[in-house]
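Enquirer: The structure is given below, and queries will be raised subsequently.
The values are calculated or read from the model by the stated rules, or taken from the named source; none is laboratory data. What you see is a predicted model, and the numbers here were worked out from it, not measured in a lab. Backbone-built Cβ (ideal geometry, glycine too); neighbour counts: all protein chains shown. SASA here: full protein model, heavy atoms, side chains in, ligands and nucleic acids out. Shrake-Rupley method; radii C 1.70, N 1.55, O 1.52, S 1.80 Å.
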Amino acid sequence: MVPVNYYLVLAAILFTVGIAAYLMKRNVITIFISIELMLNAVNLTFVAFAHMWNKLNGQIFVFFVMVVAAAEAAVGLAIIIALYRSRQTLNVDQVNLLKG
C-alpha cells in the first residue's frame with residue numbers, strides 16, 4: 001500500500017506545475033489546461049485524505065470539483081472559440097477586450 005504522503009507530494013508537484021504554467025504561459029489554452037491541472041491536484045488531495053480517514057466527505061468534494069471543472073470547461077472553451085474568432089489570436093497579451 002502506498003503511503004498517503006506520496007499522494008500529497010504528487011498533488012503538490014501537480015499544483016506547482018499548474019501555477020507555474022498559469023503564470024508563465026501567454027496562451028489561453030495553456031492557461032485553461034493549467035487551471036484544470038490545479039483542480040486535479042486538489043482532487044487528488046481530497047481523495048488521499050478521504051482514504052486516510054475512511055470518510056466519504058473527500059470523495060463528495062471531488063464530485064463537486066469535477067462538476068465545477070466540467071462547467072468551467074464548457075463555458076471556457078466557448079469563450080476561447082469566440083475570442084479566437086473575433087481576434088484571430090489566443091495570446092493573452094494581445095487580447096484586451098475591456099479597453100475601449
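Enquirer: Restricting the search to the range 30-71, which residues are open to solvent by 80 Å² or more (accessible area, probe 1.4 Å), among the aliphatic types (A, V, I, L, M) and within 30 Å of Val92 (Cα to Cα)?
Expert: Ile33, Met66, Val68
Enquirer: Still on this structure: Of all the residues that make up the range 68-98, how many are among the charged types (D, E, K, R) and within 17 Å of the chain's Cα centre (by Cα)?
Expert: The total comes to 1.
Enquirer: Can you pull out every residue in the range 19-43 that is of a type in the set (S, T, N, Q) and farther than 14 Å from Glu72 by Cβ?
Expert: Asn27, Thr30 - these are the residues of the range 19-43 that are of a type in the set (S, T, N, Q) and farther than 14 Å from Glu72 by Cβ.
Enquirer: Looking at the range 40-92 only, could you name the residues that are touching a residue at least 60 places away in the same chain (Cβ under 8 Å) and touching a helix residue (DSSP H, G or I) at 6+ places or on another chain (Cβ under 7 Å)?
Expert: Leu90, Val92
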